[in-house]
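Visitor: Here you go, one structure.
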Amino acid sequence: MAGVAALALVWLLLWADYRADLVRAEREPAFQADFELTDHRGMFRTQEDFTGLWMLVFFGFANCPDVCPTTLSEVAAIMKGLGDDAEQVQPLFISIDPERDTPSALADFVPRFEAGIIGLTGTPDQIATTSDTFKIFYEKIEEASTPDGYTMSHSSQLFLFGREAGYVASWAYGTPAEEILADLRERIAQ
């Protein structure tokens, strides 16, 4: 009888620890946005500059022929669709091509989308560190027919980070802007 009671006690203690871990995991984001990069105006930026705002983050490169401009056009539609709530969201475009995407190159690229997007770039080491933090993939691919003889392969999801830079959600490339907008509106309203 004492053995059964001891087993029951151990089980209850383990169950309580398990439940506490579940609750903690539900409250804590999978990861935090963390970066130290230069924006398209030449200003040094970190995630702390956007505390209090939702961040829509996309990784890409200015010479991208399709995925990047398509996604940034969708971000522009989302920002327009937010109306007055757009003040609560900061879209960020983080370059994975620091060789070509200098601040001046991004200053020419990101304003084309008229959505208040901030372009971010850095040294190859800064970009590698940032991509590790965000758990994204990118690689340089030699291709003679492209500008400068190479293109970039990369993850193409759009990330959402909360007001304290914690990961909230991501949407795969091709998710309709209307779907993202509806989800984002719901989250902002909470």
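Visitor: With a ≥ b ≥ c taken as the square roots of the eigenvalues of the C-alpha gyration tensor of region 43-114, please select rounded if a/c is under 1.5 and otherwise prolate if a/b is larger than b/c or oblate if it is not?
Guide: Working: a/c = 2.16, a/b = 1.29, b/c = 1.68.
Note, shape of region 43-114 comes out oblate.
Visitor: In addition: Would you mind getting me the FRET efficiency between ASP34 and GLN157? Use the beta-carbon distance for r and R0 = 22 Å, nearest 0.05.
Guide: Working: r = 17 Å, r/R0 = 0.79.
Efficiency, from the Cβ-Cβ distance: 0.80.
Visitor: Extension gain GLU99-ASP66, at 0.36 nm per residue separation less the Cα-Cα distance, in nm?
Guide: Working it through step by step, the gained length comes to 9.9 nm.
Visitor: Going by accessible area, probe 1.4 Å, with all protein chains left in place, what is the ranking of SER95, SER104, SER153, largest first?
Guide: Largest accessible area first, the residues go SER104, SER153, SER95.
The values are calculated or read from the model by the stated rules, or taken from the named source; none is laboratory data. Predicted model only: the values in this text are computed from it and were never measured. Cβ sites come from the backbone with ideal geometry, for glycine too, and all protein chains shown count toward neighbours. For the accessible areas, the whole protein counts, side chains as well, though only heavy atoms, and no ligand, DNA or RNA atoms are used. Shrake-Rupley method; radii C 1.70, N 1.55, O 1.52, S 1.80 Å.
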